[in-house]
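The values are calculated or read from the model by the stated rules, or taken from the named source; none is laboratory data. From a predicted model like this one, the values you see are computed outputs, not experimental measurements. We place every Cβ from the backbone using ideal geometry, glycine too, and count neighbours over all the protein chains shown.
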Amino acid sequence: MTDPVAAGAQALAAGGLVAFPTETVYGLGGDALNVSAVGRIFAAKGRPTDHPLICHIASVDDLAALVAEVTPAARALADAFWPGPLTLVMTRSAAVPDAVTGGLDTVAVRIPDHPLALQLLQAFGGPVAAPSANRFGRPSPTRADDVRHELGDAVDVILDGGPCAIGVESTVLDLVSDPPQVLRPGGISAAEIARVIGSPVSATASGPARAPGMLEAHYAPGARVEVITADGAPTRAAELTGGGASVALLAPHAISPLPDAVLVLGPAGAPDAYASALYAAFRRADANGCQVILAVPPPPEGIGVAVRDRLTRAAAGSSPA
Ligand code: TXA
Ligand code: MG
């Protein structure tokens, strides 16, 4: 029997695409230094080619080849949080193809915290460019079956590592701007980052969207997402079902009273559990033909900040019911 990791490494070496689990979401990987492999990633996702990809590496020692300089802040953050859900945006080296960075002079890098991802990266022996393994604009996949469903034949090998532990994408930190800026909230908070580098970190992105995760129309299921308070949920659910809409509800705790027709996606629990359930809940609502997802957000604590960010973007990006 072929070892799936070895098959994945071979596919990468041949310029193919390999979907693999990380602690955040599944990635769609290709050889970051092979321009035609990178082109296949964009084609499989239907993603605009000026949207940069994250390079995944196996060890901090692999960082120096990709960036102009390993700054003290980068070194400290890598030591503190890698492997883990933190992506560092740094000035790139000449080794990184334009195809990976969308022509930017910066590159995004992280070491994922999942045994299968690390085994694949080690077996392949080079940087792997990998966006989330979904079609452009759709929720990220958190299970191997979701990848199969989204991308099917476009992927040469799918490594199945079970459900992703965290469930929302990594924190993206721009280390080139001063002060460093969180471009996308994730599993590592701005406060944790500031503590490690010993200087302030900007927690919110400003200015024009620099990258795809910053576009509002992202992370959207087919159903329309409405962000709502727990108190407002029963009335809104009754209104929508009364008008004939098919409705799902995602909330951190049980909500009542609710019309029987409402598909209850949860309760999702504390922010950690909510994050790991989020995208699977979106997909379940779609599979059930729901037109509206009513989402009561978790409190803005820990990963709750990232969940609220994704809910807001999903609400802004999804089409009217
Ligand atoms: O958790 C994750 O980060 C997952 C797993 C697979 O590692 N990957 C992921 O990739 O979410 P993707 O392509 O869906 O999102 C990449 C994000 C973009 O939204 C953008 O914010 C940022 O990385 N990014 C990449 N290169 C950048 C650059 N040079 N400058 C600024 N942001 C960049
Ligand atoms: Mg993505």
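Restricting to the stretch 114-139, name every residue that is among the small types (G, A, S) and modelled with pLDDT of 95 or more.
Within the stretch 114-139, A117, A123, G125, G126, A129, A130, S132, A133 meet the criteria.
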Worksheet, complete the sentence: Given the conditions (1) part of a helix (DSSP H, G or I); (2) surrounded by 22 or more Cβ atoms within 10 Å (Cβ to Cβ); (3) within 13 Å of ligand 2 (Cβ to nearest atom), every one holds for A117 apart from (3)
Item to complete: Among the residues of the stretch 133-159, write down those that are part of a loop (DSSP other than H, G, I, E, B) and within 13 Å of ligand 1 (Cβ to nearest atom).
Response: A133, N134, R135, F136, G137, R138, P139, S140, P141, T142, L159
Fill in: Boolean, V96 is within 11 Å of ligand 1 (Cβ to nearest atom), under 18 Å from A32 (Cβ atoms), under 19 Å from the mean Cα position of the chain (by Cα) and not charged (D, E, K, R)
no
Practice prompt. Sort out which residues of the stretch 160-195 are among the aliphatic types (A, V, I, L, M) and either within 12 Å of ligand 1 (Cβ to nearest atom) or part of a strand (DSSP E or B) (or both), and write them in order of number.
Written response: A165, I166, V168, V172, L173, L175, V176, V182, L183, I188
Worksheet item: Could you say which residue among P4, P48 is within 16 Å of ligand 2 (Cβ to nearest atom) and touching a residue at least 40 places away in the same chain (Cβ under 8 Å)?
Response: P48
Practice prompt. Give the residues of the stretch 20-45 that are among the small types (G, A, S) and touching a residue at least 24 places away in the same chain (Cβ under 8 Å), sorted by residue number.
Written response: G27, G29, G30, A32, A37, G39, A43, A44
Worksheet item: Considering the stretch 206-239 alone, what residues qualify as being within 28 Å of S177 (Cβ to Cβ) and either at pLDDT 95 or above or within 16 Å of ligand 2 (Cβ to nearest atom) (or both)?
Response: A209, R210, A211, P212, G213, M214, L215, E216, A217, H218, Y219, A220
Practice prompt. Say whether the condition of being surrounded by fewer than 16 Cβ atoms within 10 Å (Cβ to Cβ), over 16 Å from the mean Cα position of the chain (by Cα) and within 13 Å of ligand 1 (Cβ to nearest atom) is met by at least one residue in the stretch 74-86.
Written response: no
Item to complete: Identify all residues within the stretch 145-183 that are surrounded by 22 or more Cβ atoms within 10 Å (Cβ to Cβ) and among the polar types (S, T, N, Q); write none if there are none.
Response: S170, T171
